[in-house]
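Scroll down for the structure; my scribbles are underneath it.
The values are calculated or read from the model by the stated rules, or taken from the named source; none is laboratory data. This is a predicted model, so every value here is computed, not measured. Methodologically, a virtual Cβ is constructed for each residue, glycine included, from the backbone with ideal geometry; neighbour enumeration extends over all protein chains shown. Ligands, DNA and RNA are excluded from the accessible area calculation, which covers all protein heavy atoms including side chains. Shrake-Rupley method; radii C 1.70, N 1.55, O 1.52, S 1.80 Å.
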Amino acid sequence: MNRRRHATAAITMICALTVLASPALTLQAAAAPLPPPPPKKTLEEVRQEIDALYRQAAVATDAYNLAEEKSKEQSAEIVRVAVMIVEGREKIEALKAKAGATARAQYRNGGLPDGAQLVLTNDPQLFLDNAGRLKAGAKATTDLLGEMTRTQAQLDVYATDAGVNWTKLEANRVRQAQAKKEIDGKIAAAKKLESELAAEERERLRRLEELALSRAQTTWLGTGVLAGLKGDTTPAAKKAIEFATAQIGKPYVWGAEGPDSYDCSGLTQLAWGTAGRPIPRTSQEQWRLLPRVDIKDMRPGDLIVYFKDASHIGMYVGNGTIVHAPRPGRNVTLTGAGSMEILGVVRPA
C-alpha cells in the first residue's frame, strides 16, 4: 500500500514538473532563428544613392520653380484683368448716365428727341435744315447703345479670363506644394544617409564624389572636345561670367535666385539678367527655349545643360570649366564641364 502511495506521488510530481516546464519548451520550440542582417552598403553605393536623391530633388526643384513662375504670371494677369474690369464698369456707368440724359430729354419733349421737335414744323426749309440733325442724333443714340453692348460683352470676357487665371493660379499653387514636399523629402533622405556615416566615412565619401567628377572630366577631355574651341566671346557674356564667378562660395539653396544663395538655374538666370539678357527661370525651360549650339562651337558664357531630364545647368567659363550651384550642402563653385552627363549647350546671346 505504501509502495503504491509513493508511486502515485512520484507520478503526480513528474506530471506537475512537465506542466511547469512546457511553456518554456514551447517558447524555445517556437523561437525562429533571427534573419541575417542586410549586407552593409559600400561607400560607393551610398554615394550613388545620395547622388540619385539629390538629382530627384533637382527635378522637383525645376517643377517648383516653373510653378512659381507661372503663379507670378497668372497673379499679374489677374491684376491686369481686374483693372480692366474696373475701367469697363466705369465706362458702363458713364454710358448709362449719357443714355439717361438722352431719355430724360425725350421725356420732356413728349417722348421725342430735340431734333424731332424742330423737324415737326410747317416751314419746309426749316424741316430740311433740321432733318440732318435728327438723323445724326438718331445715329448717336444707336452708337451709344452699341458701345454699351460691346463694353458689357468685354466685361463678360474679362470676368471669364479672371476665373480661368484664378483656376490656373490655384493649380500651380498645388503643384508648388507637392514639389516642395518632394524636395524636402529627398533632401532629408540624402542627409539622413550622410548622417549615419562616421566622420571618417563622410570624408571618404567626399573624396569619392570628387574622384567620380574628376574621372568623368578626364574621360571628356580625352575625346579632344576642347580642340578648336575659341576663347573669345561677347561683351554680354563677359558680364554674365563676371557676375556668376563673383558668386563663388555662396550656398546652394533650392528655389533661390540670389543675392545670398542660388539654385543652379537661379544663378544662370540672374547672371544673364544682369548682363541685360532675360532668360527663363528653370534649367528645363532654358534648355527648351534658348538657341542651341553644337558643343564644338561652344564659347564662354554659353550654358551647359546636364542629364537627360535637363535637371542641372552651369555656365561655361572657358578652359573646360563651368561655374555652377551644385546641390544642397554645397556652394557655388568651379568644376569640370565634363564632370557630369552633358545633354547639350544653349546660348542666351
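Before moving on, here are some points about what is shown:
- For segment 225-254, filtered to residues that are at pLDDT 95 or above and small (Gly, Ala, Ser), the residue that is most open to solvent (accessible area, probe 1.4 Å) is Ala246.
- Residue among Leu155, Leu118, Leu112 that is under 23 Å from Ile78 (Cβ atoms), at pLDDT below 80 and either surrounded by 15 or more Cβ atoms within 10 Å (Cβ to Cβ) or touching a Gly at 6+ places or on another chain (Cβ under 9 Å) (or both): Leu155
- Tally of residues being open to solvent by less than 50 Å² (accessible area, probe 1.4 Å) and either modelled with pLDDT of 90 or more or within 30 Å of Arg173 (Cβ to Cβ) (or both) across segment 25-47: 2
- The residue that is surrounded by the most Cβ atoms within 10 Å (Cβ to Cβ), counting only those in segment 284-296 that are touching a Leu at 6+ places or on another chain (Cβ under 8 Å) and in contact (Cβ under 8 Å) with a residue 60 or more places away in the chain, is Gln286.
- The single residue among Lys180, Lys192, Lys168 that is without any contact (Cβ under 8 Å) to a residue 24 or more places away in the chain, out of contact with any Cys (no Cβ under 6 Å at 6 or more places or on another chain) and open to solvent by 80 Å² or more (accessible area, probe 1.4 Å) turns out to be Lys192.
- Residue pairs meeting the criteria (Cβ under 9 Å; at least 6 apart or on separate chains; first within 19 Å of Leu303 (Cβ to Cβ), in segment 247-266; second surrounded by fewer than 20 Cβ atoms within 10 Å (Cβ to Cβ) and hydroxyl-bearing (Ser, Thr, Tyr)): Ile248/Thr333; Lys250/Ser261; Tyr252/Ser261
- Search result, residues across segment 48-77 that are surrounded by 18 or more Cβ atoms within 10 Å (Cβ to Cβ) and in contact with a Leu (Cβ under 7 Å, 6 or more places away or on another chain): Ile50, Ser71, Gln74
- The set of residues in segment 301-338 being open to solvent by less than 10 Å² (accessible area, probe 1.4 Å), in a loop (DSSP other than H, G, I, E, B) and not β-branched (Val, Ile, Thr) consists of Gly301, Asp302, Ala310, Ser311, Gly320, Ala325, Ala337, Gly338.
- Residue match in segment 205-223 (condition: β-branched (Val, Ile, Thr) and either under 14 Å from Pro326 (Cα atoms) or open to solvent by less than 80 Å² (accessible area, probe 1.4 Å) (or both)): no
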